[in-house]
Amino acid sequence: ADTLGAAAAESGRYFGTAVGPHLLGEADYAATLNREFTSVVAENDMKWDATEPSPGQFNFSRGDQLVDHARSQGMEVRGHTLVWHAQQPSWVQGLTGDALRQAMLGHIDGVAGHYAGDISSWDVVNEAFEWDGSRRQSNLQQQLGDGWIEEAFRAADAADPNATLCYNDYGTDAVNAKSDAIYRMVEDFLARGVPIDCVGFQSHLDSTSDLSTYRQNLQRFSDLGVDVEITELDIGGSGAAQADAYRQVTEACLAVSRCTGITIWGFTDKYSWRDDVTPLLFDATYQKKEAYHAVLAALNNA
Ligand code: G3I
């Protein structure tokens, strides 16, 4: 196949990208997106600050724009993210105790409920662990205690019973203390019937990142009984070294049967949160980079 999406589809997987819906009017941006990708996720527009700027007042305009675009192109939509310590609207930041709990549950119900039926998988909770495997001391953790993650998953399941529900984090792309802690949480959730279906591995990497346990790490979560998704892939670097790292990540997903797809965190180096390290598959003029060809070849060899 001669596009990322078509090549990934040959093994039943999606190939997606983060999108800024405000960029869809740029002809080269839209043409590249529509040609190459079979899944999209909003880079910012489904986050709490964007979707509920004041209590109970939801704004779905940009998210709906992305969902409409995806539907017109036959693309899936990932949802990112229902609960996160960052990009919370200011009204949430001062809440304590049960008021924060009700805000979190109301937010999940409002957003996951609105998009129910449109979202293939939701990043229900994002980035709740530290490098050493302890819980991040966010307002959610401090005010609600360890149970908040489980409460969030139960609320998401009630609002959208059909979406794949994911826990998503960065720095978890190796067997390490952080991924060990998430592994134990998933094991516990599955044992107690807490609805979790998937773990997302953001994979914000560099050409020099140690990928020696990347596949093994995906495999152990898959063996536990959840899907795994590569959710925010970008790899700083250039040329052959960058291409080789992209190839390794792609091959790791393809080697794990429950790795259902790969999302890159943007596609053109023109628009990246890491634009200083040119981490994406197309350059700033939408030309295919060496990394693009490496990913496509890996998908076609599967
Ligand atoms: O919306 C305002 C806009 O009104 C204003 O004019 C502009 C001026 O700087 O700022 C805009 O907000 C920025 C927003 O991106 C949209 O461009 C924020 O300042 C900026 O902080 C925000 O950055 C995003 C970041 O998450 C926030 O934490 C990045 O685009 C986005 O790529 C990044 O994505 C995260 C994932 O959600 C979770 N995993 C890590 C990943 C990278 O940090």
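Just so you know, all these numbers are worked out from the coordinates, no wet-lab data involved. Everything numeric in this text was worked out from a predicted model, so none of it was measured. Glycine also receives a Cβ, built like all others from the backbone with ideal geometry; neighbour counts cover every protein chain displayed.
State, to one decimal in nm, how far the label point of Leu23 lies from the label point of Asp244, with both points 7 Å from Cα in the Cβ direction.
2.8
Over the chain, with a Gaussian network built from C-alpha contacts below 10 Å, which listed residue (Thr208, Thr81, Thr172) shows the highest mean-square fluctuation?
Its mean-square fluctuation being the largest, the pick is Thr208.
Ranked by Cβ crowding within 10 angstrom, fewest neighbours first, how are Ser61, Ser272 ordered?
Ser61, Ser272
I want to verify a result. In a Gaussian network model of the chain, Cα cutoff 10 Å, which of these has the top mean-square fluctuation: Gly200, Gly16, Gly225?
Evaluated over the chain, the most mobile residue of the options is Gly225.
Return His293, His80, His69 ranked ascending by Cβ neighbour count within 10 Å, so the fewest neighbours appear first.
Placing the least packed residue first, the sequence is His293, His69, His80.
What does the extension gain come out to for Thr213 and Ala191, with contour length at 0.36 nm per residue minus their alpha carbon separation?
5.3 nm
Quick one: how many lysine pairs in region 4-300 have C-alpha atoms under 28 angstrom apart, if they're 8 or more apart or on different chains?
For region 4-300, qualifying lysine pairs total 4.
Along the Cα→Cβ direction, 7 angstrom out, place labels at Glu290 and Asn34. What is the inter-label distance in nm?
Rounded to a tenth, the inter-label distance reads 3.3 nm.
Enumerate the helices in the chain for which the Kyte-Doolittle hydropathy averages -0.5 or more and the C-alpha atoms extend at least 20 Å along the helix's axis, using complete DSSP H runs.
What comes out of the filter, once short or polar helices are dropped, is 97-114, 177-192, 239-255.
Using alpha carbons only, how many angstrom separate the centre of region 58-100 from the centre of region 1-55?
15
Got the relative contact order for region 86-153 handy, in percent, Cα pairs under 8 Å and 6 or more residues apart?
Relative contact order for region 86-153 comes out at 40 percent.
Considering Cα pairs under 8 angstrom that are at least six residues apart, work out the relative contact order of the chain and quote it in whole percent.
RCO, the chain: 17 percent.
Taking the dipole about the Cα centre of the chain, with the C-beta of Lys and Arg at +1 and of Asp and Glu at -1, give me whichever of Val249, Ala7, Ala177 is farthest to the positive side.
Checking the options against the dipole of the chain, the answer is Ala7.
Using Stokes-Einstein with the Kirkwood hydrodynamic radius over Cα pairs, what translational diffusion coefficient do you get for region 4-300 at 25 °C and a viscosity of 0.890 mPa s, in µm²/s rounded to a whole number?
Here the translational diffusion coefficient equals 128 µm²/s.
Suppose we take every Cα in region 1-80 and form the convex hull; what volume per residue is that in Å³?
With only Cα atoms used, region 1-80 gives 80 Å³ per residue.
Which of Leu218, Leu144, Leu165 moves the most in a Gaussian network model of the chain with Cα springs under 10 Å?
Leu144
Order of Met46, Met185 from fewest to most other C-beta atoms within 10 Å?
Met185, Met46
Counting GluC sites (Glu not before Pro) as exposed when in a DSSP loop with at most 14 other beta carbons within 10 Å, what is the longest stretch of the chain free of them?
131-302
Roughly how big is region 4-300's charge dipole about its Cα centre, with Cβ charges of +1 (Lys, Arg) and -1 (Asp, Glu), in debye to the nearest 20?
Result for region 4-300 is approximately 240 debye, rounded to the nearest 20.
At 20 °C and 1.002 mPa s, grab the translational diffusion coefficient of region 173-249 from Stokes-Einstein with a Kirkwood Rh over Cα pairs, rounded to a whole number in µm² per second.
161
Sequence gap at least 6, Cα distance under 8 Å: using those rules, report the relative contact order of region 263-302 to the nearest whole percent.
28
Which loop trypsin sites (Lys or Arg not before Pro) in region 91-149, with loop taken from DSSP, have no more than 16 other Cβ atoms within 10 angstrom of their Cβ?
Sites meeting the loop and neighbour criteria: Arg136.
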